[in-house]
Amino acid sequence: MKHGEKIGVFYAAFSYIIWGVLPVYWKWLSSVSAEEILANRIYWSFIFMLVLLAVTKKWKVFLQTLKDIKVNKKVFLSLILASLLITANWFIYIWAVNENHIVETSLGYYINPLISILLGVFILKEKLNKAQIISFCIAAIGVLILTISYGDFPWISFSLAITFGLYGLVKKMIKVDSAIGLTLETMTVAPLALIYMIYLLFTSNFSFLNGSLKIDFLLIGAGAATAIPLLLFAKGAQRIPLYLLGFLQYIAPTIMLILGVLVYHEHFSTAHMIAFICIWTAAIVLSIGNSKWFISLTNRIKKDKSFSA
């Protein structure tokens, strides 16, 4: 492995580790409503990104990107949609963690790559290879088992997977620097977040600046906790192959699952185990099927068959 790829693996793996342990951070804020946590997360992420742009001397590029977006309606609407999707994803995630549904959030991020495949097929008109078809069928069996066991559809898992999958799809239409992109996304919804925080200030439900320094620092720190793994991920994704990134992406939901079951003692039934085995198997099949060596091996077999014929 080349030096650049090693650095890329470190960046990507570290970003997924941070995402994996983030439930602990939101648990520390369990006394605060999910709505207020979300508002602070958006607002302080925006402030953090503004400071980062100033430090990294990307301010001029940011202003130029703003001008370009103003005259490009398609990109402008894509930016708004991306902002709304990631906001919805953040809210569902924070709410689910603090309502003791970490296991379901874990399942959601295992399902996410499969949702991305479906979006690629139906929206981008991409063709599925055999590995993708097999992995999708295996995962579908797992989700079906879990749904029957629950007697209810795992809407938290699918809401997280669908919102993040759609977010990734929309992001393809906004081709800008990762730091600038995150700044634009948080900037779009930051005014709403600030208005909501001001509204809470005049009610008895406002937790920020209400006497607890620990809560204040955690709410402000939510900005960095949000931005840093996203920036690390972007740096890693630029340096390593997609198949390797595919393997690494399962670090986060695996950590979430361990936290949910072993640390926070959430219910984990036999049906959960069967469903997760199906999802893990699907993830392995999908990752191997997208790897370069597997694709080259498949092409070689096809060539040998055509030569024999």
Output the peptides 105-114, 157-166, 62-71, 81-90 sorted from most to least packed, where packing is the average of other Cβ atoms within 10 Å over each peptide's residues.
105-114, 157-166, 81-90, 62-71
On the accessible surface of the chain, probed at 1.4 Å, how many percent belong to carbon and sulfur atoms?
70 percent
Counting only GluC sites (Glu not before Pro) that are in a DSSP loop and have at most 15 other C-beta atoms within 10 Å, tell me the longest site-free stretch of the chain.
127-309
Quick note, region 134-219: a/c under 1.5 would make it rounded; otherwise a/b > b/c is prolate and the rest oblate (a ≥ b ≥ c, C-alpha gyration tensor); here it is oblate
Per residue accessible area of region 103-208, 1.4 Å probe, in Å²:
50 Å²
Take the Cβ-Cβ distance between Ser149 and Val71 as r, set R0 to 51 Å, and report the resulting FRET efficiency rounded to the nearest 0.05.
0.45
Using the charge dipole of the chain (Lys, Arg: +1 at Cβ; Asp, Glu: -1 at Cβ; taken about the Cα centre), state which of Ile148, Ile198, Gln238 has its Cα farthest towards the positive end.
Gln238
Find, among the trypsin sites (Lys or Arg not before Pro) in region 81-133, those assigned to loop by DSSP (not H, G, I, E, B) with at most 16 other beta-carbon atoms within 10 angstrom.
Lys125, Lys127
Value at 222 nm in deg cm²/dmol, rounded to 500, when DSSP H runs of n ≥ 4 in the chain each add -39,500 (n - 2.57)
-27000 deg cm²/dmol
Ile7 label point, 7 Å along Cα→Cβ, cut-off 20 Å on backbone N: hits in region 244-263?
244-245
In whole percent, what relative contact order does the chain give with Cα contacts below 8 Å and a gap of six or more residues?
40 percent
Under the rule a/c < 1.5 gives rounded, and otherwise a/b versus b/c splits prolate from oblate, where does the chain land using the Cα gyration tensor?
oblate
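The values are calculated or read from the model by the stated rules, or taken from the named source; none is laboratory data. It should be emphasised that the depicted structure is a prediction, and the values quoted were computed from it without experimental measurement. In this analysis, Cβ positions are derived from the backbone assuming ideal geometry, glycine residues included, and neighbour counts consider all displayed protein chains. For the accessible areas, the whole protein counts, side chains as well, though only heavy atoms, and no ligand, DNA or RNA atoms are used. Shrake-Rupley method; radii C 1.70, N 1.55, O 1.52, S 1.80 Å.
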